[in-house]
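What follows draws every value from the coordinates through simple rules; no lab data is involved. Everything quoted here is computed from the prediction, not taken from an experiment. Every residue, glycine among them, receives a Cβ derived from its backbone with ideal geometry; neighbour counts consider all protein chains shown.
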Amino acid sequence: MPLVSMKPMLAEARRRGYAVGAFNTVDYGSCKAVLAAAEELRAPVIVQLSVKTIAYWSHGTIAAWMRELGERAAVPVALHVDHCKDVKVIEGCIAHGWTSVMIDASALPYEENLARSRQVVEMAAPHGIGVEAELGQIAGVEEDLSVTEQDAHLADPQKALAFCRALDLAAFAPAIGTAHGLYKGEPRIAFDRLEAISRGTETPLALHGGTGLSDEIIQRCIGLGCAKINISTQLKHSFVDGFVDYHRQNPKDYEPLKPIDAQYRAVKDLVAGYVRQFGGAGKAG
Ligand SMILES: [Zn+2]
């Protein structure tokens with residue numbers, strides 16, 4: 001089927017109490033692996049790419065892979081740009097048929113974040129594109145922005161609710177203590193804030209930094225309205241290790257399709273595990 005906006009997908013997930021996995025892919029093979037896992041499990045899915053990855057391949061190239069893969073898939077698939085601070089990159093996504101975008105103006109003061117996010121919602125709405133926006137700053141290393149855990153600040157629930165009331169978002173990403181990258185200790189999640197936000201808005205919430213969270217934390221977050229869970233770091237590891245491990249085990253084999261296939265299977269298996277964990281299996285109707 002054609003690529004779809006993540007907006008109705010996430011609204012349904014929040015209503016029915018599961019989360020859609022949003023997987024950060026880096027090339028055609030990883031996109032194909034995510035879709036294959038989703039299709040096998042009859043699950044809706046979000047394929048998301050970083051601004052850095054768009055700069056490497058181009059908007060149009062990625063959209064072409066995804067249109068081709070999406071049209072062959074029998075499950076709803078959204079094509080999303082993750083953590084975009086540049087409205088010009090978002091314009092490129094809209095022009096090339098992407099179905100979903102994240103504006104990350106979270107480093108700006110509240111009013112400026114709101115204004116920038118509103119500008120993107122207004123740009124995207126006529127094209128039926130769903131928008132994700134962030135409040136507070138999610139810790140970790142993302143793109144060229146490095147927010148130390150000390151400096152990262154969590155979303156204020158009152159501001160978060162005002163933000164959600166002001167904008168018609170597909171997903172809202174409040175900083176609640178999860179982080180990008182690999183957790184060094186037990187992550188401390190601000191469940192009190194998440195609960196206050198969840199109680200005050202029906203907007204589907206996006207959980208960033210999904211890699212390394214315990215199942216207990218994940219299920220609790222889904223129960224508190226997190227309908228989109230981002231998996232980036234673990235997918236990068238499976239992508240690289242899948243290829244390298246094959247070559248280590250078969251050092252004389254220089255048939256490239258074999259390590260490429262091992263990489264594909266590693267990513268597909270990883271994605272399938274998360275889709276099951278998030279409750280998405282069988283939800284594609
Ligand atoms: Zn993130």
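So here's what we get for this one:
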{"quantity": "Sorted by Cβ neighbour density within 10 Å, fewest at the top, the residues MET6, MET66, MET102", "calculated": "MET66, MET102, MET6"}
{"quantity": "Residues GLU112, GLU91 arranged by fewest to most Cβ contacts within 10 Å", "calculated": "GLU112, GLU91"}
{"quantity": "Links that overshoot a 29 Å alpha carbon limit, given the list LYS159/LYS236; LYS7/LYS236; LYS32/LYS52; LYS236/LYS258; LYS85/LYS159; LYS32/LYS88", "calculated": "LYS159/LYS236"}
{"quantity": "Highest to lowest packing among 68-77, 174-183, 207-216, 54-63, scored as the average C-beta count within 10 Å", "calculated": "174-183, 207-216, 68-77, 54-63"}
{"quantity": "For the chain, built as a Gaussian network whose Cα springs stay under 10 Å, the top-fluctuating residue of ASP192, ASP269, ASP168", "calculated": "ASP192"}
{"quantity": "Farthest positive-ward along the chain dipole, Cα basis, beta-carbon charges - from PHE172, GLY280, ALA190", "calculated": "GLY280"}
{"quantity": "Unit charges on C-beta of K, R, D, E only; dipole of the chain, Debye", "calculated": "620"}
{"quantity": "Residues LYS52, LYS228, LYS184, LYS283 arranged by fewest to most Cβ contacts within 10 Å", "calculated": "LYS184, LYS52, LYS283, LYS228"}
{"quantity": "Using a Förster distance of 35 Å, the FRET efficiency for ALA74-GLU216 (Cβ separation, nearest 0.05)", "calculated": "0.60"}
{"quantity": "Partnerless cysteines, meaning none of the other Cys C-beta atoms lie under 4.7 Å away, in the chain", "calculated": "CYS31, CYS84, CYS93, CYS164"}
{"quantity": "Gained length - GLN158 relative to ARG276, 0.36 nm times residue gap less alpha-carbon distance", "calculated": "39.2 nm"}
